[in-house]
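Reviewing the structure listed below.
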Amino acid sequence: MSIAYLNGTFLPLEEAHVPVLDRGFIFGDGVYEVIPVYSGRLFRLDAHLRRLNNSLDSIRLSNPMSNAQWAAALEQVVAENGGGDQSIYLQVTRGVAKRKHNFPDETHHTVFIMSDPLVDMPPSEGVKAITLDDIRWQLCHVKSIALLGGVLLRQQAVEQGAAESILLREGYVTEGAASNVFVIKDGAAFTPPEGPFILTGITRDLIIESMQAANLTCKEAQITEAELRNADEIWLTSSTREILPVVELDGKPVGNGQIGTVWQQAWDLYQDYKKSLRAHEIK
Ligand code: PDD
C-alpha cells in the first residue's frame with residue numbers, strides 16, 4: 001500500500017480522505033504537479049516548484065509551504081514509498097468552505113501528495129495520434145486540477161485507438177490533451193511558444209535545452225495545421241511519457257511512417273540526463 005501526505009500527515013493512501021466541501025471537489029479550485037522520480041531523485045524539482053508557484057499565483061492562492069518544506073515533504077513521500085522510480089502527484093486546493101463561487105474569507109489549503117509507480121519508457125515503437133479542436137479555456141498555462149477539457153479530448157483519442165489528441169486552435173497547434181508537441185522538418189525541431197494556450201512542460205524545456213546544448217536545432221515557433229500534417233516527425237512529451245514519437249496522424253503516416261532519426265538523438269539526450277540524475281552527477 002502506498003504512503004501519501006495529507007495536510008502534514010503521512011498515511012496509507014486508502015486512509016487519506018478530504019471533506020466533500022473541499023473546493024477542489026466542488027469547483028476544481030486547485031492546482032497540481034506531476035514529478036517523475038529516478039533512483040529516488042526528484043526530476044527538476046526546482047522547475048516543478050517554480051511552475052507550482054506560478055500556477056498558485058495565477059489562481060490567486062498563496063503557497064502554503066516554502067520550497068524547503070515542499071522538498072522535505074516530497075522527499076519523505078519518495079522515501080516512504082521505497083525510493084527507486086516513482087511518479088509523484090501533488091495537489092493544492094483552496095480547501096474546505098461553504099459552497100459559494102467567490103473565495104472564502106479565510107483559506108485553509110488542502111495539500112495532498114501521492115506516489116504512483118513510474119514505468120520506465122522503453123524505446124518506443126511509435127504511437128498513433130488524432131487531431132481535435134482545442135476546446136479548453138484560455139488559462140492553459142495554469143496546471144489546474146479542472147481537467148474536464150483534457151479528459152474529454154484524451155478519451156476521444158483512446159476511443160479511436162490513438163495515444164493522444166493533438167489540439168488545434170484557430171489553425172495552429174497548441175499541445176496534446178496531456179502533453180506538449182514537437183514537429184520536426186528537415187532536421188529542425190519546433191514546439192509552440194509559451195503563452196496562455198499551452199502548459200509549459202518541464203520535459204519540453206529540458207528537450208529544448210539539451211538539444212540546443214548538443215548543437216541540434218530546436219526552437220519555439222507557431223506551427224500551422226499544414227506544417228503539422230507535412231512534418232517529417234512528430235513527438236509528444238510529458239513527465240510520464242518522456243518523448244513519444246507519433247508515426248500515424250489521423251490515419252496517415254507521419255513522414256515515412258517510421259520513427260525518426262532526430263527523435264533518436266533527442267531520446268538519447270534525455271536518457272543521458274536521467275542517467276546523470278540517477279548517478280547524482282546533477283541536482
Ligand atoms: N501532464 N501539457 C499538458 C496539458 C499536460 O497535462 C502535461 C503533463 C504537459 C507536459 O508537462 P510535463 O512535461 O511537465 O509533464 C503538457 C501530466 C503528466 C498529467 O497531467 O498527468
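Summary table
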| quantity | calculated |
| --- | --- |
| Spin-label model distance (nm) - Glu170 vs Leu152, 7 Å beyond Cα toward Cβ | 2.1 |
| Debye-sum result for the stretch 55-97 in log10 I(q)/I(0), which assumes one identical scatterer on each alpha carbon, at q = 0.18, 0.23 Å⁻¹ | -0.66, -0.89 |
| Prolate/oblate/rounded call for the stretch 24-177, Cα gyration tensor, a/c under 1.5 rounded | oblate |
| Cα shape, the stretch 97-147, gyration tensor, a/c 1.5 rule | oblate |
| Local electrostatic count at Ala188 - Lys and Arg +1, Asp and Glu -1, tallied over other residues with Cβ under 15 Å | -3 |
| Cα-projected label distance for Gln265 with Tyr89, points at 7 Å along beta-carbon direction, nm | 3.7 |
| In degrees, nearest ten, helix 148-159 long axis to first principal axis of the chain (Cα) | 50 |
| Gyration tensor (alpha-carbon) shape descriptor, the stretch 1-86, a/c threshold 1.5 | oblate |
| Under 24 Å from the Cα of Lys98 - lysines, other chains or at least 8 residues apart | none |
| Contact order normalised by residue count of the chain, Cα under 8 Å, 6+ apart, percent | 18 |
| Among Met211, Met65, Met114: highest mean-square fluctuation, GNM of the chain, C-alpha pairs under 10 Å | Met65 |
| Approximate shape of the stretch 151-197 as ellipsoid semi-axes (Cα gyration tensor, √5λ), whole Å, largest first | 21, 14, 9 |
| Sequence-distant lysines (8 or more away, or on other chains) whose Cα lies within less than 19 Å of Lys274 | Lys283 |
| Cα long-axis angle, helix 67-80 against the chain (0 to 90 degrees, to the nearest 10) | 80 |
| Cα→Cβ-extended label distance, 7 Å offset, between Asn63 and Ala279, nm | 3.2 |
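Each value in this text was obtained by applying a stated rule to the coordinates, not by laboratory testing. Every value quoted in this text rests on a predicted model; they were computed, and no experiment measured them. Note that each Cβ is placed from the backbone with ideal geometry, even for glycine, and that neighbours are counted across all protein chains shown.
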